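To start, the structure under review is shown below, and the notes come after it.
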Amino acid sequence: MHLDSCVPTHQCADEWLADERPDRPEEACGVFGVYAPGEDVARLTYFGLHALQHRGQESAGIAVADGHTLTVVKSLGLVSQAFKESDLVTLQGHLAIGHTRYSTTGSGNAWENAQPMVSSIGATTIALAHNGNLVNTIELRDALKHRGIRFRSTTDSEVITTLVDHFTQEHSSIRGGIRETMKYIRGAYSVVLMSEEALYAFRDPYGVRPLALGKLGEAWVVASETCGFDIIGAQYVRDVAPGEMIKIGPAGLESEQAVPAEKPSLCVFEFIYFARPDSVLNDCGLYEARMRMGAAMARSAAVDADMVIGVPDSGVPAAVGYAKESGIPYGEGLVKNRYVGRTFISPSQSLRQQGIRLKLNPLRHVIAGKRLIVVDDSIVRGNTSRQLVALLRDAGAAEVHMRITSPPVKWPCFYGIDTDTREQLIAASKSVEEVRDFIGADSLAYLSVPDMFAATRGDAAEYCAACFTGEYPVEIPESVKRGKLGLEPVG
Ligand code: SF4
């Protein structure tokens with residue numbers, strides 16, 4: 001399928017003016033789950049969420065169960081802000097799930113949108129955490145509203161929770177409820193769910209968002225990325241397969257193909273930017289993949305220069321790869337102000353005008369007088385790249401050659417990544433030369449689509465690359481294409 005025109009999916013963007021939104025695609029949530037009798041599951045989840053913090057910084061939550069009672073603690077802010085030591089001491093049990101949330105709008109600051117979502121099904125309680133974005137949320141919400149169901153939040157995750165609740169009652173089992181729910185929901189979803197007794201994980205039939213399965217001794221762990229395993233000493237076992245549902249309980253691990261797998265469509269942007277460089281996706285280490293992207297750029301877009309620098313953090317491995325391949329020395333030219341979050345930037349106009357300076361500081365004595373190759377992961381609207389080029393020139397750079405380790409972003413994402421509307425994507429309407437002129441660089445080059453796939457060492461047919469190609473693997477309903485979603489996508 002190919003879309004000729006696209007419009008925003010994010011109708012709540014009125015609260016978050018276009019020029020205030022981050023000028024890059026933003027990840028939409030991290031999920032974690034653990035079934036580990038005898039272990040401090042709340043603390044394991046807490047550390048797992050720390051490793052997944054890059055996937056969402058606006059709220060965090062942990063649900064723990066002990067076979068009888070399910071308890072949830074969730075709060076706005078970073079993982080380190082959301083939980084106190086006393087929370088972790090209180091959360092006792094043998095299974096847990098956790099969530100870090102990114103939202104596209106101001107309502108990311110709404111507590112009721114924080115996850116895990118909780119629902120009671122008769123005497124049973126379930127908690128659910130979701131990464132991704134459904135494309136048929138409106139239809140499902142309308143259908144459920146006609147049945148008299150009221151919603152507390154504006155998230156598609158609550159729609160999934162409500163459907164599982166509904167179908168669990170109909171099928172008299174949570175497995176049956178999840179299986180039936182998966183027949184109705186469309187789009188991207190990697191979900192962890194728990195009852196008082198068991199942990200469940202399920203993934204959409206296209207496998208758009210990642211979800212990995214690991215072991216910690218005899219215990220089982222699931223996480224959006226394998227870096228969530230490393231931090232607690234767990235070992236990666238395999239990915240949860242597209243369309244698969246896993247149950248982990250007293251009987252051990254049980255797996256079933258809940259819905260037939262479709263064409264595999266893992267988000268290729270995970271390789272470029274979203275996932276952490278120490279994670280492994282499709283048996284591919286992301287640090288190495290990013291180095292290969294940089295090396296490919298050195299071959300396809302060589303330029304005479306004195307130093308290669310990377311834009312922290314995701315541009316750094318690619319810059320190292322570029323430098324190695326080209327023989328031009330690698331240097332650190334930018335230092336990141338690590339703990340500046342956009343939540344705290346947005347209220348003050350004067351601070352906003354500082355723009356990129358709030359996040360990056362150039363090392364003047366390193367770059368002054370040098371011809372720089374600057375490696376970055378993507379250009380969305382172009383404003384950040386423009387500020388970056390100006391920042392480097394102000395710091396004395398003699399030349400600035402931008403090398404972007406993704407193809408031009410020309411299409412919006414409907415599967416849980418916060419990209420802009422098509423009109424706001426600079427590469428959708430401008431040529432490479434026009435973009436170069438806009439950002440003020442001496443030269444500009446993008447990674448080609450074939451080089452991008454080659455760097456993943458995977459089969460091009462197994463990825464979603466719709467934001468570069470416009471080829472959407474999961475059909476987008478017309479109402480969504482027309483921007484009639486009516487709620488924000490969250491993960
Ligand atoms: S459209 Fe782009 S960002 Fe969205 S899932 Fe596909 S590759 Fe990832």
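The values are calculated or read from the model by the stated rules, or taken from the named source; none is laboratory data. Bear in mind the structure is a predicted one, so any value in this text is a computation, not a measurement. Cβ placement follows ideal geometry from the backbone for every residue including glycine, while neighbour counts extend to all protein chains displayed.
Could you list, in sequence order, the residues of the stretch 427-444 that are within 16 Å of the ligand (Cβ to nearest atom) and more than 18 Å from H401 (Cα to Cα)? Working first, answer last.
Here is the first cut: in the stretch 427-444, the residues within 16 Å of the ligand (Cβ to nearest atom) are 427-428.
Selection gives A428 alone.
So which residues in the stretch 258-283 are within 15 Å of the ligand (Cβ to nearest atom), of a type outside the set (S, T, Y) and either surrounded by fewer than 21 Cβ atoms within 10 Å (Cβ to Cβ) or assigned to a loop (DSSP other than H, G, I, E, B) (or both)?
E262, K263, P264, V268, A275, N282
Got at least one residue in the stretch 122-137 being under 20 Å from S75 (Cα atoms), modelled with pLDDT under 90 and aliphatic (A, V, I, L, M)?
Among the residues of the stretch 122-137, not one is under 20 Å from S75 (Cα atoms), modelled with pLDDT under 90 and aliphatic (A, V, I, L, M), which makes the answer no.
Restricting attention to the stretch 291-330, which residues are crowded, with 18+ Cβ neighbours inside 10 Å and not hydrophobic (A, V, I, L, M, F, W, C)?
The answer is R292, G294, G310, P312, S314, G315, P317, G321, Y322, E325, S326, Y330.
Considering only residues that are under 14 Å from the mean Cα position of the chain (by Cα) and either aromatic (F, W, Y) or not in a loop (DSSP other than H, G, I, E, B) (or both), which ones fall in the stretch 30-58?
Of everything in the stretch 30-58, those that are under 14 Å from the mean Cα position of the chain (by Cα) and either aromatic (F, W, Y) or not in a loop (DSSP other than H, G, I, E, B) (or both) turn out to be G30, V31, F32, L49, A51, Q53, H54, R55.
Which numbered condition in (1) under 18 Å from A28 (Cβ atoms); (2) aliphatic (A, V, I, L, M); (3) crowded, with 23+ Cβ neighbours inside 10 Å is the only one that L76 fails?
(3)
Exactly one condition in (1) in a strand (DSSP E or B); (2) of a type outside the set (D, E); (3) farther than 17 Å from A201 by Cα is not met by I246; state its number.
(3)
What is the residue count in the stretch 381-415 for residues that are within 19 Å of L358 (Cα to Cα) and under 18 Å from the mean Cα position of the chain (by Cα)?
0
Starting from residues that are surrounded by fewer than 24 Cβ atoms within 10 Å (Cβ to Cβ) and more than 16 Å from the ligand (Cβ to nearest atom), keep the ones in the stretch 394-409 and report whichever is nearest to M297 (Cα to Cα).
Selected residue: H401.
Quick check on the stretch 204-257: of everything there that is without any contact (Cβ under 8 Å) to a residue 60 or more places away in the chain, under 24 Å from F274 (Cα atoms) and of a type in the set (V, I, T), which residue is surrounded by the fewest Cβ atoms within 10 Å (Cβ to Cβ)?
Of everything passing the filter in the stretch 204-257, V237 is surrounded by the fewest Cβ atoms within 10 Å (Cβ to Cβ).
Would it be correct to say that S153 is in a loop (DSSP other than H, G, I, E, B), touching a residue at least 12 places away in the same chain (Cβ under 8 Å) and more than 26 Å from G214 (Cβ to Cβ)?
In short, yes.
Restrict the check to the stretch 129-144 and report whether at least one residue is in a helix (DSSP H, G or I), out of contact with any Asp or Glu (no Cβ under 9 Å at 6 or more places or on another chain) and farther than 28 Å from P260 by Cβ.
Within the stretch 129-144 (the criterion being in a helix (DSSP H, G or I), out of contact with any Asp or Glu (no Cβ under 9 Å at 6 or more places or on another chain) and farther than 28 Å from P260 by Cβ), the answer is no, since none of the residues qualifies.
Search the stretch 1-58 for residues being within 16 Å of the ligand (Cβ to nearest atom) and of a type in the set (G, A, S), and hand back the single one that is modelled with the highest pLDDT.
Selected residue: G30.
Which condition breaks for K247 when tested against (1) within 13 Å of the ligand (Cβ to nearest atom); (2) among the basic types (K, R); (3) in contact with a Lys or Arg (Cβ under 7 Å, 6 or more places away or on another chain)?
The failed condition is (1).
What about E225, is it farther than 20 Å from I185 by Cβ, among the acidic types (D, E) and within 16 Å of the ligand (Cβ to nearest atom)?
yes
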